[in-house]
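A short reminder: the numbers here are calculations on the coordinates, not readings from a lab. For clarity, every value in this text was computed on a predicted model and none was experimentally measured. Cβ placement follows ideal geometry from the backbone for every residue including glycine, while neighbour counts extend to all protein chains displayed.
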Number of protein chains: 2
Amino acid sequence: MTISDQISSIDTSPRHPIRLVANRTGLTVDLIRAWERRYQVVDPARSDTQRRLYSDYDIERLRLIRLAKQGGHRLVNIARMPLDALRDALSEDIHFSSHHDNGEVQRPERPSLLQIDARAQTIDAMLFAIQAMDQHRFDQLLQQGMVRESLPSFLEEILAPLLQELGNATRSGSMRIAHEHMATAHLRTFLGALRYRESFTGIEPKVVITTPTGQFHELGALMAAALVSVDGWLPVYLGPNTPADEIAASAVQCSARAVCLSLTYPADDPRIPTELTRLKSQLAQNIPLFVGGSAVAAHSALISRLGIKSPASFREFREELRKLRDDQLETNS
Amino acid sequence: MTISDQISSIDTSPRHPIRLVANRTGLTVDLIRAWERRYQVVDPARSDTQRRLYSDYDIERLRLIRLAKQGGHRLVNIARMPLDALRDALSEDIHFSSHHDNGEVQRPERPSLLQIDARAQTIDAMLFAIQAMDQHRFDQLLQQGMVRESLPSFLEEILAPLLQELGNATRSGSMRIAHEHMATAHLRTFLGALRYRESFTGIEPKVVITTPTGQFHELGALMAAALVSVDGWLPVYLGPNTPADEIAASAVQCSARAVCLSLTYPADDPRIPTELTRLKSQLAQNIPLFVGGSAVAAHSALISRLGIKSPASFREFREELRKLRDDQLETNS
DNA sequence: AATATCTGGACAAAAGTGAGACAAAGTAGC
DNA sequence: GCTACTTTGTCTCACTTTTGTCCAGATATT
């Protein structure tokens with residue numbers, strides 16, 4: 001423990017049992033012990049019956065070490081680092097991680113027929129649960145889907161098609177408005193909860209996400225928020241129907257590095273061009289504006305004229321964000 | 001028990017038998033006695049025949065100790081903690097552990113000056129976090145508030161005033177629209193997640209909750225949904241802006257025992273009377289219709305003419321629901 | 001009379017401990 | 001690209017501590 005750690009005043013008095021540490025760090029009990037045995041990651045005090053007793057300091061270190069490991073560090077190298085060194089290492093990672101954690105972005109895996117079938121079945125089952133007004137079942141299916149797929153492919157392969165079907169079925173009258181309402185409300189909750197996941201270090205770059213005036217459908221924006229959060233961005237979500245001036249002001253206030261809008265319905269709202277133009281003119285040059293959603297097609301001319309980015313897929317969107325982050329890293333250094 | 005506990009309004013007069021304590025805390029009778037024997041977790045008064053008599057204070061402590069244990073604390077360490085220390089320990093945990101079940105309690109609270117002050121401070125801190133666009137802090141405060149209060153009083157004493165202030169500040173221009181938007185979006189997620197934390201057995205009576213056509217603000221309806229779930233109802237939440245026909249049809253499809261609407265803004269929407277009349281006429285006689293929210297006042301004449309219930313407070317609302325359920329229980333048996 | 005609570009003790013399940021084994025994943029050298 | 005080696009997460013086993021449940025006989029409540 002270094003001087004600067006002492007100053008930052010994290011409690012070092014030993015008092016927490018291993019189970020609590022496991023809960024708070026997301027590590028397993030076994031793993032915490034293994035790390036201690038092999039690398040002396042921590043050296044907890046003991047109770048009079050040999051139970052390990054950890055301090056808040058230990059917990060914070062373990063949490064950071066887990067994150068650093070996730071970012072590709074070797075345990076041997078980081079095991080003995082004090083807190084501040086870990087934080088430093090981590091803040092560099094955040095930038096570089098994009099090069100390494102190429103999950104499924106660079107390798108656009110070709111789904112097997114089996115997989116496609118399974119997805120279709122899941123979507124069918126969801127539609128059935130919705131018609132039956134069985135919220136519990138619907139939620140269960142959503143959770144299962146999340147486990148089976150990575151978040152990006154879950155959004156792209158399950159949720160997006162589901163929303164599509166839902167829209168079709170409602171328009172054609174084969175599904176009641178009430179069912180569609182219920183499903184939308186539930187999805188709103190579900191997607192909202194996805195957004196803020198565990199690893200939050202406070203140094204993530206921010207991106208403002210919302211929909212412009214007149215656009216009340218927010219599911220697209222929420223999907224974007226969930227998506228960027230897996231790549232280490234912190235989404236600042238403003239909800240739907242936000243005036244251009246307000247969006248620009250928010251971007252400034254929280255020093256966002258990008259702004260992202262979802263455009264869906266109504267696609268021909270005359271306010272869309274106005275708001276886009278206004279927003280783009282108020283944003284600093286180095287803050288790119290992204291748009292996505294079904295209504296983008298109706299405004300493609302304007303969009304390209306204004307220099308707004310409109311990635312064609314989630315994958316492309318992530319790619320653009322990644323580049324953006326790398327560029328800014330270079331400019332900084 | 002510390003000074004601040006004494007002041008903080010929880011009744012310490014001994015009166016509850018052990019059985020009731022077990023029911024309210026979710027612990028077994030044996031366990032409560034074992035904890036007392038081994039760790040002096042509580043020290044209940046005794047009747048003249050040696051029966052244990054617990055106070056509300058004891059119950060609350062036992063409930064929190066159960067939660068703390070679940071979070072990984074060891075009994076030895078938390079057994080003697082006073083209430084406020086337990087709450088502090090728990091609110092630290094909450095931040096990390098994502099899910100914890102929420103044994104509900106209803107206790108009639110008699111707020112002291114200190115408590116009112118604490119609540120006002122919480123609300124202020126929330127408003128501050130919102131202005132700073134610090135979503136993380138805002139969320140943290142919400143989670144803490146949840147632990148410090150029972151859900152009903154959290155909704156009534158913290159969230160409702162917060163929304164009020166938020167509205168005032170936005171109208172008066174002292175808060176940006178963007179801030180209000182962000183806060184609303186975050187609250188939407190938070191309240192949505194509250195709804196189905198409770199254990200679900202499949203035999204709960206259902207209540208359809210929504211807002212009528214033209215009413216887009218859904219936070220009130222979500223608060224109602226969270227509230228009823230505490231009392232063992234299953235809310236069927238349809239989201240905002242649902243046509244009367246659809247509401248009625250939903251009530252039929254899921255055989256709801258009640259329907260509940262939130263009316264807020266705009267209060268003078270001409271569609272409100274139409275929709276209320278239509279909905280009431282389509283609902284079966286034995287399905288009561290509840291309305292709540294700030295716009296109720298503007299339609300009180302119609303509401304009483306139609307025989308719609310409009311409880312004046314959350315407490316009254318719960319009371320009505322309770323009666324309703326008891327009545328139906330009797331009819332069934 | 002049936003039900004609930006009390007005390008104290010006994011017992012068993014759960015969780016923690018140390019040492020070690022093992023397989024999957026990653027890395028290095030060729 | 002392919003072994004050989006290292007790293008790392010998980011599991012097992014025998015043993016101890018902690019914690020939840022059950023029981024028996026006595027007393028109290030309804």
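Miscellaneous remarks
- Highest-fluctuation residue, A:Ser281, A:Ser174, A:Ser262 considered, GNM on chain A with Cα pairs under 10 Å: A:Ser174
- Over the stretch B:3-82, Cα pairs under 8 Å with separation of 6+ residues give a relative contact order of 36 percent.
- Dipole magnitude of the protein assembly as shown, debye to nearest 20 (Cβ charges: Lys/Arg +1, Asp/Glu -1, about Cα centre): 1260 debye
- Loop-resident sites, the stretch A:123-228, for chymotrypsin sites (Phe, Trp or Tyr not before Pro), counting at most 16 other Cβ within 10 Å (DSSP): A:Phe200, A:Phe216
- Given charges at Cβ of Lys, Arg, Asp, Glu: the protein assembly as shown dipole, positive-most of A:Gln50, B:Ala301, B:Val208: A:Gln50
- Peptide A:134-142 has a mean of 2 when you count, residue by residue, the C-beta atoms of other protein chains within 10 Å of its C-beta.
- Shortest-first distances to equivalent copies, position B:Asp134, nm, label 7 Å out along Cβ: 4.5
- Antiparallel bridge percentage (DSSP; both residues within the protein assembly as shown; nearest 5): 20 percent
- Using a 7 Å Cα-to-Cβ projection, B:Gln285 label spacings across copies, nm, ascending: 7.6
- Here the stretch A:138-186 was treated as a single set of alpha-carbon atoms; its pair distances binned every 10 Å from 0 give 25, 50, 24, 2 percent.
- Three-way shape label, the stretch A:173-310, alpha-carbon gyration tensor, a/c 1.5: oblate
- Within the shell of other residues whose beta carbon sits under 9 angstrom from the beta carbon of B:Val42, the net charge comes to -1, with Lys and Arg scored +1 and Asp and Glu -1.
- For the protein assembly as shown, a/c is not less than 1.5, where a ≥ b ≥ c are the root eigenvalues of the C-alpha gyration tensor, and a/b does not top b/c. That puts it in the oblate class.
- Environment charge at B:Ala169 (Cβ cut-off 14 Å; Lys +1, Arg +1, Asp -1, Glu -1): -1
- Under the span-like rule (Cα at least 18 Å along the axis, Kyte-Doolittle mean at least 0.5), DSSP H helices of chain A: A:113-131
- Shape class of the stretch B:3-82 from the alpha-carbon gyration tensor: oblate, with a/c at 1.5 or above and b/c at least as large as a/b.
- Radius 10 Å from Cβ of A:Leu53, net charge of other residues (Lys, Arg +1; Asp, Glu -1): +4
- For the peptide B:186-193, the mean number of other protein chain Cβ atoms found within 10 angstrom of a residue's Cβ is 6.
- Label geometry 7 Å along the beta-carbon vector: A:Ser313 inter-copy distances in nm: 5.8
- Cα-based equivalent ellipsoid, chain A: semi-axes from gyration tensor eigenvalues, Å: 40, 27, 18
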